[in-house]
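Notes to accompany the following structure.
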Amino acid sequence: MEAGVACKLNCPTWVHSERFGRKSTAPIAMHRHRVRVAASPQFPLLSSPNRQRWASFEVSCSSFNNFSASTLETGSVHVPYDEALMLKNKSLEAEQYLNGHSIYLVGLMGSGKTTVGKILSHVLSYSFYDSDALIEQEVDGISVAEIFKCHGESFFRKKETEVLQKLSSKKRLVVSTGGGAVVRDENWDYMQKKGIIVWLDVPLEALAQRIAAVGTHSRPLLHYEHGDPYTKALKRLSYLLEQRGKNYAKANARVSLEEMASKLGCRDVSDLTPTEIAIEALDQIGGYLKEEGGMAIAGL
Ligand SMILES: Nc1ncnc2c1ncn2[C@@H]1O[C@H](COP(=O)(O)OP(=O)(O)OP(=O)(O)O)[C@@H](O)[C@H]1O
Ligand SMILES: O=C(O)C1=C[C@@H](O)[C@@H](O)[C@H](O)C1
């Protein structure tokens, strides 16, 4: 099932669903002054110049059902109106060069693959898949943490590869991959078959903060560490980045939150909204396809 496309003006919350944890108004004031947009039929502007305007849309996470997609989870995303307009304009540009190719988001746990992926799938009218959720579905609905505990990591990795293989025959998907999907060469072959791979590169401290905010319970690789959730996450993520950094760097496009923050004049990467990150992802994908990747992708 395609990600929901209904887009309407709505209440001033910013991202809301069971899995989209953050609610904040801090970054928004800054963006109100930064973003310049044109009106579009999808996001008609309200007339009052003093009120912050919002757009909201429904997003769904798909599951396999005899190889056709069905909905696993739905949620709604609320974004500042200006950002929504900019995102829409960027996606219209992106559609010309994407030509239906899927987008695979890679990055360490907590890097925002699911949050940003759902926004991208909505705006491109692509289907959204979360590979961890698909694995859970295939293993009797038990959680990733339970799969690690009962069957071990290598069983999980095998399932991960099977899921990516299934997805690889499809176009027009946004896939949030597991943090370790980049380690196996065969996974790259599947992701690259009809897709573009985008690395969400988020500083370790920001990742540890995000993970500490929701707890380490659902992330089995963090269970090896001791200490408070922030320390556990920071330690294990530093180790994982050392191990996997070169794999992430093989992605076709990279979205660096540090570079974005410096370009946009933000003091902290936590000021960057998921919508801004989605816009940057579309920009980076465009850059890749227009320059060196265009020829390779045309041959897919
Ligand atoms: N730009 C952002 N700023 C602040 N918090 C964010 C941002 N993007 C995502 N988050 C929060 O970080 C947490 C992790 O996000 P998300 O689940 O999207 O990451 P992920 O890469 O899919 O993680 P995993 O690989 O572990 O499933 C969530 O609580 C989410 O709300
Ligand atoms: O970084 C990793 O290896 C993992 C990340 C999660 O998305 C899950 O895929 C699992 O917890 C392993």
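The values are calculated or read from the model by the stated rules, or taken from the named source; none is laboratory data. None of these values were measured; they are calculated from a predicted model. Glycine also receives a Cβ, built like all others from the backbone with ideal geometry; neighbour counts cover every protein chain displayed.
Counting only helices (runs of 4 or more DSSP H) that fall entirely inside region 88-207 and contain at least 2 residues that are polar (S, T, N, Q) and out of contact with any strand residue (DSSP E or B) (no Cβ under 8 Å at 6 or more places or on another chain), the qualifying elements are 153-167, 185-193. The set of residues in region 217-246 being of a type in the set (S, T, Y) and under 22 Å from S154 (Cβ atoms) consists of S218, Y224, Y239.
If you check G227 against the conditions, is it over 18 Å from the mean Cα position of the chain (by Cα) and either part of a loop (DSSP other than H, G, I, E, B) or within 13 Å of ligand 2 (Cβ to nearest atom) (or both)? For G227, the condition - over 18 Å from the mean Cα position of the chain (by Cα) and either part of a loop (DSSP other than H, G, I, E, B) or within 13 Å of ligand 2 (Cβ to nearest atom) (or both) - is met. The single residue among E186, E205, E162 that is within 28 Å of G286 (Cα to Cα) and free of Cβ contacts under 8 Å to residues at least 40 places away in the same chain turns out to be E186.
Look through region 136-181, keep the residues that are of a type in the set (V, I, T) and more than 22 Å from V59 (Cα to Cα), and return whichever of them is nearest to ligand 2 (Cβ to nearest atom).
If we take residues in region 136-181 being of a type in the set (V, I, T) and more than 22 Å from V59 (Cα to Cα), then V144 is nearest to ligand 2 (Cβ to nearest atom).
If you go through region 187-213 and keep only what is more than 13 Å from ligand 2 (Cβ to nearest atom) and touching a Pro at 6+ places or on another chain (Cβ under 9 Å), you end up with A208, A212, A213.
Exactly one residue out of K171, K194 is surrounded by 17 or more Cβ atoms within 10 Å (Cβ to Cβ) and basic (K, R), and it is K194.
Considering only residues that are within 13 Å of ligand 1 (Cβ to nearest atom) and out of contact with any Lys or Arg (no Cβ under 8 Å at 6 or more places or on another chain), which ones fall in region 116-129? Listed by number, the residues that qualify are V116, G117, K118, I119, L120, S121, Y129.
Taken over region 206-226, the criterion of being surrounded by fewer than 16 Cβ atoms within 10 Å (Cβ to Cβ) and within 15 Å of ligand 1 (Cβ to nearest atom) is satisfied by A213, V214, G215, H217, S218, H223. When the test is whether a residue is within 13 Å of ligand 2 (Cβ to nearest atom) and basic (K, R), R184 passes it. Looking at the structure I just gave you, is A261 surrounded by fewer than 16 Cβ atoms within 10 Å (Cβ to Cβ) and hydrophobic (A, V, I, L, M, F, W, C)? Against the criterion (surrounded by fewer than 16 Cβ atoms within 10 Å (Cβ to Cβ) and hydrophobic (A, V, I, L, M, F, W, C)), A261 does not qualify.
In region 238-287, the qualifying residues are those that are assigned to a strand (DSSP E or B) and not hydrophobic (A, V, I, L, M, F, W, C), and the one that is farthest from ligand 1 (Cβ to nearest atom) is R254.
Among the residues of region 133-154, those that are touching an Asp or Glu at 6+ places or on another chain (Cβ under 8 Å) and within 15 Å of ligand 1 (Cβ to nearest atom) comprise A133, I135, S143, V144, I147. For region 73-94, the condition of being within 16 Å of ligand 2 (Cβ to nearest atom) and out of contact with any helix residue (DSSP H, G or I) (no Cβ under 7 Å at 6 or more places or on another chain) holds for at least one residue. Of all residues in region 104-160 being farther than 19 Å from Y224 by Cβ and polar (S, T, N, Q), which is farthest from the chain's Cα centre (by Cα)? Filtering first and then ranking leaves Q137.
Matching residues to (1) crowded, with 21+ Cβ neighbours inside 10 Å; (2) modelled with pLDDT under 90; (3) more than 30 Å from L241 (Cα to Cα):
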residue	(1), (2), (3)
Q42	no, yes, yes
S63	no, yes, no
E83	yes, yes, yes
L98	yes, no, no
L105	yes, no, no
K118	yes, no, no
S127	yes, no, no
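Only a single item in (1) among the aliphatic types (A, V, I, L, M); (2) surrounded by fewer than 21 Cβ atoms within 10 Å (Cβ to Cβ); (3) modelled with pLDDT under 95 is not met by A233, and it is number (2).
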